[in-house]
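A short write-up of the structure that comes next.
What follows draws every value from the coordinates through simple rules; no lab data is involved. All of these numbers come straight from a predicted model, not from anything done at the bench.
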Amino acid sequence: MAESAKKVARQAEERLNKVAENVREKFDRVTEGKFSDTVKNGRFAEGTDPGADRERTGEKRRNQGGSAR
């Protein structure tokens, strides 16, 4: 009786491992290419200057006749 219980437990564990592997694969497929991955990979970090927006705003104000601050 104990051997059959071990066999059933082993089979159940193998099936659960297969299910877990399938879930991981499907999760990876679903999340592949998402916006957060793009950000994490640094796509939007290429060549950006933190002060560039401020400079553009000042230039726009000067062109419109306002003060540059």
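What to note about this one:
- Candidate lysines - alpha carbon under 23 Å from K7, same-chain residues fewer than 8 apart omitted: K18
- Contour excess over end-to-end distance, with Cα ends at R29 and K60 and 0.36 nm allotted per residue: 6.7 nm
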